[in-house]
Amino acid sequence: MILRALVAAGRVHLRNTLARPLFQVMIVVQPVAMVLLTHYVYGGEGAARTSFFVVLGSGLAGMWMATAFSSAGDLGRERGYGTIQPVLLADVPLWVVSAGRALGALALSVVPVVVSVVVSVGVLGTALPERISVPGVLVGVAAFGVGCHAFGVLLGNLFILSRRTAVLQNLLEWPLLTVSGVLFPVTALPATVAAVSAVLPMRWGAETAWYAYNDGVLRWSSLGLALAIAAGHLLVAAMLFGVVERRIRVTASLELV
Amino acid sequence: MSHVARVLRQLGYSYRGLFGWLRPTDYALLIFVEPAIQLLFFGLLGRFGPEGAAFYVVGNAVRLMATGALFGATSVIVNERTQGTLSALLATPTPVALTFYGRALLQGASGVLTGVFLLLLGVVVFDVTAAAPAWTLLALVITALSLSGLGLLLATMSLVGTDANLLLNIVFYALIVTSGANIPLADLPAPLALLSQGVPMTHGLEAVRGALAGDLSGVPGLLVTEALVGAAYALLGLALFRFAETRARRTGKLELV
């Protein structure tokens, strides 16, 4: 039952999202703009250890926006479409629907990464490091994606309590991009901010990809942290969804506000 | 009550009723908090760039002012449609194009608030120097007024089409790359550099940079050019709106779709 609900929610998300012209365009425009920006900032010649931010970072930024950012707003959109009540009354828990949608978003989020690699390497000629480990990079990107997915489910949970989903989404888009370490090193951040970023699975996923890209090694500690924190986020999200669902049923606020 | 007073009162009502004023926290988030977060992101990124952080901070302060003015102008006018009051507004004897241009102007003025706040933040956090504050403010005001023309044009295009968010997001990323906020115009590919010369904000931003640096020699000329570019867009926006309005009355499509 849960698996079927996950697949169905993911399929609905894919169809809904692909039908939106905004998403169709932005999934390409956003990574291209980021590649051009970082290409200029970092010198555009594959300067030592910074080409990661051009080649992969721009795509990971798009991945973040397409997963956590998009899936977090999905339940808000359900409210707008008027379908949130049937979703809540379904036999599967709310978190399963949300997780299924986030999985759909995760599948689509591969597109910005592909776009950023093609534009930076294929069009702008950014040089790749000699020691790059492609399988390691793929593992890092996947870990980053899983992190986005987990964080998106958690955010979706919190956003469902608010009518101001759009405002909150816009507010969180850039700070989380800042602390994830995808467009510049986390070491550039003030110490306290960098410490906060440690609880984000995306940060460790990005770090896994960074080491595989620059040094050709799979850094198990970063990968382990990414996956462990993502699992923690999912666990908290599932528990929180239960609380939210109970609150809705007790207060009869099926519109969840 | 004089005609001017009535227009001003109506503009005030529209700003308060359609632009989040009724929720002060949303208003503060839109006008100050979210732009500030973006500014911090670009300031941090700029530390790795060839121009230094101040270049990115000043560029993005003006770009975010522009984004706020353009998004505000469009959202206020599109909100008339979503709230079902557009038809009533079109039926009034007042020229609607002028009413809407007034609203776009007000959003420009509101954008100046954002611009001033962000530049002050830049001075405090990123050590941006402000050698000629009065000229800087004048440059911000003229740039904001100039942007109102483009705001009206975008709003009309949003009314003619159906997806305002798509248009606004494309403009958002186009400004990041082509406005001179993040990449000096001299470093842009020739077609993009040429295109940027015809975009409101490009000359205004250059004037702001000059005023902040205390180099006022080219500032008056740049501001005149900025005002002329803005006026051209205002005329184009008014003409397009009149066309859309006439078409709507003729075809009975008061919602302009």
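A few points about this structure:
- Considering region A:78-145, the qualifying helices (runs of 4 or more DSSP H), each wholly inside and each with 3 or more residues that are at pLDDT 90 or above and among the aliphatic types (A, V, I, L, M), run over A:110-117.
- Selection within region A:178-197 - without any contact (Cβ under 8 Å) to a residue 40 or more places away in the chain and within 9 Å of another protein chain (Cβ to nearest Cβ): A:178, A:185, A:188, A:189
- When restricted to residues that are part of a loop (DSSP other than H, G, I, E, B) and not acidic (Asp, Glu), region B:50-65 contains 2.
- Filter result (modelled with pLDDT under 90 and among the hydroxyl-bearing types (Ser, Thr, Tyr)) within region B:19-75: B:25, B:27, B:67, B:74, B:75
- Among the candidates B:116, B:76, the residue that is more than 30 Å from residue A:49 (Cα to Cα), more than 11 Å from every other protein chain (Cβ to nearest Cβ), under 16 Å from the mean Cα position of the chain (by Cα) and surrounded by fewer than 20 Cβ atoms within 10 Å (Cβ to Cβ) is uniquely B:116.
- Close pairs from region A:145-160: first closer than 26 Å to residue A:85 by Cβ, partner among the hydroxyl-bearing types (Ser, Thr, Tyr) and in a helix (DSSP H, G or I), Cβ under 6 Å, at least 6 apart: A:149/A:67; A:152/A:67; A:152/A:71; A:153/A:98; A:156/A:71; A:156/A:98; A:159/A:165
- The requirement of being over 30 Å from residue A:190 (Cβ atoms), within 20 Å of the chain's Cα centre (by Cα) and touching a residue at least 60 places away in the same chain (Cβ under 8 Å) is satisfied by residue B:154.
- Index of the failed condition, residue A:238 passing every other in (1) part of a helix (DSSP H, G or I); (2) touching a Gly at 6+ places or on another chain (Cβ under 9 Å): (2)
- With respect to (1) closer than 25 Å to residue B:36 by Cβ; (2) without any contact (Cβ under 8 Å) to a residue 40 or more places away in the chain; (3) assigned to a helix (DSSP H, G or I), the lone exception for residue A:224 is condition (1).
- Verdict on residue B:188 being of a type in the set (A, V, I, L, M, F, W, C), within 12 Å of another protein chain (Cβ to nearest Cβ) and buried (at least 21 other Cβ atoms within 10 Å of the Cβ): no
- Breaking point among (1) under 30 Å from residue A:249 (Cβ atoms); (2) touching a Gly at 6+ places or on another chain (Cβ under 9 Å), for residue A:143: (1)
- Filter result (away from every other protein chain (no Cβ under 11 Å) and among the aliphatic types (A, V, I, L, M)) within region B:27-63: B:31, B:54, B:57, B:58, B:61, B:62
The values are calculated or read from the model by the stated rules, or taken from the named source; none is laboratory data. Just so it is clear, the structure is predicted and the values come from calculations on it, not from any experiment. As a convention, Cβ positions derive from the backbone with ideal geometry for all residues, glycine included, and neighbour counts pool all protein chains shown.
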